[in-house]
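Structure first, commentary second.
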Amino acid sequence: MKKFTEYVKHPGSLVTLILILLSAAVTIGAVLFIIAYILINGIPNLKWEMFSPEYNTDNLSMLPSIINTLYLTFLTLLIAVPVGVFSAVFLVEYAKSGSVFVKIIRITNETLAGIPSIVYGLFGFLAFVIARAWGYSLIAGVLTLAIMVLPVIIRTTEESIMAVDASYREGSYGLGAGKLQTVFKIVLPSAVPGILSGIILSTGRIVGETAALIYTAGTVPDAAEKLTSSSRTLSVHLYCLLNEGLHTEEAYATAVVLLLVVLIINGISTMLAKKIAK
């Protein structure tokens with residue numbers, strides 16, 4: 001009550017407070033509405049046959065798409081995380097600070113982070129599907145998404161490394177450690193929470209991506225048996241069901257599962273991040 005009285009004495013602060021609270025309420029309300037809408041419309045349409053091992057026109061099984069989503073997420077992070085983290089380490093720890101080279105890379109990286117996913121899909125289609133003659137395949141989708149999430153991983157890793165106190169580095173050098181030892185034993189472990197935050201954000205984008213995968217991984221509703229197999233993820237499966245216009249109820253059910261998959265993956269990632277941070 002005392003704090004509110006202080007805000008009343010300063011009209012500008014009061015207006016700012018009201019706008020902040022209103023924005024928070026609208027955001028939370030919108031999220032809760034979307035989740036409730038999906039659950040209400042999707043849960044009644046969930047059927048056991050939708051989790052059959054094989055897809056056909058009768059069961060419209062989403063299990064192969066769930067498997068493909070896990071494959072794609074794992075392989076994409078396997079490629080993007082090491083490249084992104086090591087690139088950020090080079091930019092912060094090894095490249096000359098403030099150089100034109102570093103500035104160009106950072107501007108380019110920020111520009112790439114804002115490019116729509118459909119553009120990445122068209123690039124992947126031209127570079128991997130056509131130029132490399134891989135066709136619609138899992139590997140084409142993986143490489144496209146790896147390129148797409150790299151800017152996020154690089155930027156978050158950069159910020160996390162730069163946030164590490166300089167005294168950590170100075171203490172390490174003072175004890176006789178070299179540059180490489182300091183980076184990998186002192187700096188990176190201290191920056192792990194921020195790095196994992198970027199990885200979690202990237203994971204959510206990978207799982208929910210549709211546009212880039214339609215042009216690269218394809219829409220075949222079977223579980224991928226090899227890297228050159230065409231396949232669809234859960235989000236692409238949802239898009240295909242809605243696009244046909246004949247399976248709206250199944251699309252709602254798929255949306256529920258997709259929501260749960262995202263929550264589970266993010267939950268597991270957050271738990272691992274907390275344990276590693278400790």
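Label separation (ILE34 vs LYS185): 4.5 nm, computed from points 7 Å beyond Cα along the C-beta direction. Translational diffusion of the chain, estimated by Stokes-Einstein from the Kirkwood radius over alpha carbon pairs at 20 °C in a medium of 1.002 mPa s, is 100 µm² per second.
In the chain, helical runs assigned H by DSSP with n ≥ 4 each contribute -39500 (n - 2.57); averaged across all residues and rounded to the nearest 500, the mean residue ellipticity at 222 nm is -23000 deg cm²/dmol. The HN-Hα couplings worked out from phi for the stretch 259-274 by the Karplus form 6.51 cos²θ - 1.76 cosθ + 1.60 (θ = phi - 60°) are 4, 5, 4, 4, 5, 5, 5, 5, x, 4, 4, 5, 4, 5, 4, 5 Hz, whole numbers, x standing for Gly and Pro.
Take peptides 223-233, 97-107 and line them up by average Cβ neighbours within 10 Å, highest first, as a rough protection proxy. List each step's numbers first, then the result.
Details: 223-233: 19.5, 97-107: 10.8.
Output ranking for 223-233, 97-107: 223-233, 97-107.
Our coupling estimate for the stretch 172-187, obtained by passing each phi through the Karplus curve with A = 6.51, B = -1.76, C = 1.60 and θ = phi - 60°, is 5, 5, x, 8, x, 6, x, 4, 5, 4, 5, 5, 8, 9, 10, 6 Hz, Gly and Pro reported as x.
Positive-end ranking of ALA273, ILE34, THR228 along the dipole of the chain, with charges on Cβ about the Cα centre, is headed by ALA273.
Assuming R0 = 30 Å, what is the FRET efficiency of LEU46 and LEU19, from their Cβ-Cβ distance, to the nearest 0.05?
Details: r = 40 Å, r/R0 = 1.35.
Step by step, r from the Cβ atoms, then E = 0.15.
In plain terms, the chain from VAL192 to ALA177 could stretch by 3.4 nm, reckoned as 0.36 nm per residue minus the Cα-Cα distance. About its Cα centre, the dipole of the stretch 204-255 is roughly 220 debye, where the only charges are +1 on Lys and Arg Cβ and -1 on Asp and Glu Cβ. Under the simplified labelling scheme, the LYS275-ASP165 pair shows an inter-label distance of 2.8 nm, with each label point 7 Å from Cα along Cα→Cβ.
For the ranges 80-91, 61-72, 179-190, what's the packing order if you count other beta-carbon atoms within 10 Å of each residue, average per peptide, and put the highest first? Could the numbers behind the result be given before it?
Numbers: 80-91: 19.0, 61-72: 21.8, 179-190: 15.6.
Result, highest mean Cβ count within 10 Å first: 61-72, 80-91, 179-190.
Size check on the stretch 128-278: the Cα extents along the three principal axes, sorted descending, read 68, 37, 23 Å.
Would you tally the net charge around GLU244, using a Cβ to Cβ cut-off of less than 15 Å, leaving GLU244 out, and scoring K and R as +1, D and E as -1? Local charge sum for GLU244: -2.
Coordinate-derived values only; no laboratory data. What you are looking at is a predicted structure, and each value in this text was computed from that prediction instead of being measured. No Cβ is skipped: glycine too gets one built from the backbone with ideal geometry, and neighbour counts run over all protein chains shown.
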